[in-house]
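To keep things clear, I will list the structure first and then write my remarks on it.
The values are calculated or read from the model by the stated rules, or taken from the named source; none is laboratory data. Small disclaimer: the values here were computed from a predicted structure and weren't measured. Ideal geometry is used to build each Cβ from the backbone, glycine not excepted, and the neighbour counts take in all protein chains shown. Note: accessible area is taken over every heavy atom of the protein model, side chains too, but ligands, DNA and RNA are not part of it. Shrake-Rupley method; radii C 1.70, N 1.55, O 1.52, S 1.80 Å.
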Amino acid sequence: MIELENLTKIYSSKEGETVALENIDLTVPDGSVFGVIGLSGAGKSTLVRCLNLLEQPTRGRVLIDGEDITAVKKKRLRELRRSIGMIFQNFNLLEQRTVAANVRFPLELVKTPRAAATERVRELLALVGLSEKANAYPSQLSGGQKQRVAIARALATNPKYLLCDEATSALDPATTESILGLLKRINRELGVTIVIITHEMKVVESACTHVAVLGSSRIAEVGKSRRRVRVPAVGDRKTAHHSGAHPLPCGDGRGQAPPRLPRGRERYARHLGARHGVRRARQHSLCRHPQDRRKDVRAHGDRSPGRPRSDRRRQAVFNGAKRGIQGGNLT
Amino acid sequence: MSDVLTSLFRDNTMWLGVFETVYLTLLSTALAYVIGLPLGVLLCTTDRGGLTPVPWLNKLLGGIVNIFRSIPFLILMVAFLPVAKAIVGKTYGPAAMVVMLVIAAAPYIARMVESSLKEVDAGVVEAAKSMGASAFQIVRKVYLPEAKPSLIVGAVIGMVTVLGYSAMASTINGGGLGQIAIFYGYNNFKDDVIWMCVFFTVIIVQIIQEGGMLLARRTDKRISKNKKSKKLFLRR
């Protein structure tokens, strides 16, 4: 279990102090896939980097299985870090090492005997489905493959936790899906507790069992599964909205009216990933609600306006056809 | 071709000069790396935002390096003759020259190493940290291997600089092509001897430069995609 108690991180520079995290209290239960979602600059990355002390918190405690890692000695911290794997947005592979050597890296750090290490590397590459790429170099891999190598590397020392710092943000949607699938499998089959930092609601929806919404340095909302993500208190409503969350109505307890629940077309557009409401989404044929299509058909006869027409058809229309090719004059 | 030049070739003095130049350059560069490499690593890791920031040590080492680098080699050579005497017992000859070259090249190489190491992606270092690597492990297994191609390029530049210095060191009887050019050429008013020495120096520099760059390209795995296609092309 990872517990954050009153965690505060303040960056001080010549221009003044920037509060990145303010009094964060959070518990990541064992076995969960815990999503932390928020806009850029909300402090998500700082939060996850505090979990293995890549970032030293200004105040507060980080408890890993009850042990306060902000207070332990350097040597113990290194041991603890081996039980917390981490993957990154930019993969951070060693460019001069092969895939297999990258995965072997954390094993070398703990001086695993060569034979055992080789065996473990083979196992891990099989797990992430990259056995045949063992001798390739990172520059020869695609983004998704690189992230798989990074995952294999992070799992080499059998960690109990896996931190994902925007791990899918540099990947396309299909690759994101496959990486999330792999993470879910790791969570299920190996029992690794996973913390996912992201700004994409889709990631939380498809992978997370728990979610925390981070809005301007504070936890705005914590809940179990996507159904519980609600629009947080006024100032942070934007956070959830821009993340593409489907806001469910809930007042903020200060007399504010509950936000409107999008229905029908708008909900459908949001579901398909529209971020700017239905009007802009409509222009995109993929976001077209079935209702819209029916209306188009009514208004424009048998053709819907968005569809590209063939040259023949365009010619026919140009020649005055109103009801498609059959009714028009082709000459 | 003057009789001096022909006799230099006949009794192999010229070839000995070429050999001495190469030998002294390689030896001096190697010894300079013994001092410069750890110094460069320290400069990189103790810097603010480095692996183990120690600002005062960084300032101190940086200051020393800057002082040595700002002294022109010719002056440094004269000023540090007592040091050569203390180390090798003589103030002239090849041994003394090597001492001078190392003193002059080590700070230069330290800066080269520092800049090579700073090119290593901070994210990779962070990843190693997150896996529980110690500072020493990070230097040995991340910084140095990841910066290898850049370090090789740095070594090539360092070597060519040392070669240039070695010609100046001929004034203390260091040996090599520089000394031949001065003693047999300049002092005897034989221009062809000077130009022959220049020619050989240029050849040596070209070999070091091209060889080093080839090695750097070969070791760099970041561009191995192109290399593979080249290999395929050659096979056909």
Among the residues of the range A:60-81, what is the count of those that are away from chain B (no Cβ under 12 Å), free of Cβ contacts under 8 Å to residues at least 12 places away in the same chain, out of contact with any strand residue (DSSP E or B) (no Cβ under 7 Å at 6 or more places or on another chain) and of a type outside the set (A, V, I, L, M, F, W, C)? 1
Can you tell which of B:Asn188, B:Asn173 is farther than 17 Å from B:Phe19 by Cα and among the polar types (S, T, N, Q)? B:Asn188
Would you please name the residue that is nearest to the other protein chains (Cβ to nearest Cβ), looking only at residues in the range B:153-166 that are in contact (Cβ under 8 Å) with a residue 60 or more places away in the chain and not hydroxyl-bearing (Ser, Thr, Tyr)? B:Val153
Restricting to strands (runs of 3 or more DSSP E) lying wholly in the range A:136-240: which have 2 or more residues that are modelled with pLDDT of 85 or more and within 30 Å of A:Lys111 (Cβ to Cβ)? A:161-165, A:193-198
The range B:71-94 residues that are in a helix (DSSP H, G or I), paired with ones that are open to solvent by 50 Å² or more (accessible area, probe 1.4 Å) and of a type in the set (Phe, Trp, Tyr) (beta carbon under 9 Å, 6 or more apart): B:Phe73/B:Tyr165; B:Leu76/B:Phe68; B:Met77/B:Tyr165; B:Leu81/B:Tyr92; B:Ala84/B:Tyr92; B:Pro94/B:Tyr23
A:Lys44 vs. criteria open to solvent by less than 40 Å² (accessible area, probe 1.4 Å) and more than 10 Å from chain B (Cβ to nearest Cβ): yes
Scan of the range A:1-38 for residues that are among the aliphatic types (A, V, I, L, M) and in a loop (DSSP other than H, G, I, E, B), ordered by number: A:Met1
Consider only pairs whose beta carbons are under 8 Å apart and that are at least six residues apart or on different chains; among these, list those whose first residue lies in the range B:126-152 and is more than 7 Å from chain A (Cβ to nearest Cβ) and whose second residue is open to solvent by less than 40 Å² (accessible area, probe 1.4 Å) and of a type in the set (Asp, Glu). B:Pro149/B:Asp220
Looking at this structure, is A:Arg104 in a helix (DSSP H, G or I) and open to solvent by 50 Å² or more (accessible area, probe 1.4 Å)? yes
Are any of the residues in the range A:82-95 more than 10 Å from chain B (Cβ to nearest Cβ) and surrounded by 21 or more Cβ atoms within 10 Å (Cβ to Cβ)? no
Scan the range B:6-15 and tell me whether some residue there is crowded, with 20+ Cβ neighbours inside 10 Å and at pLDDT below 95. yes
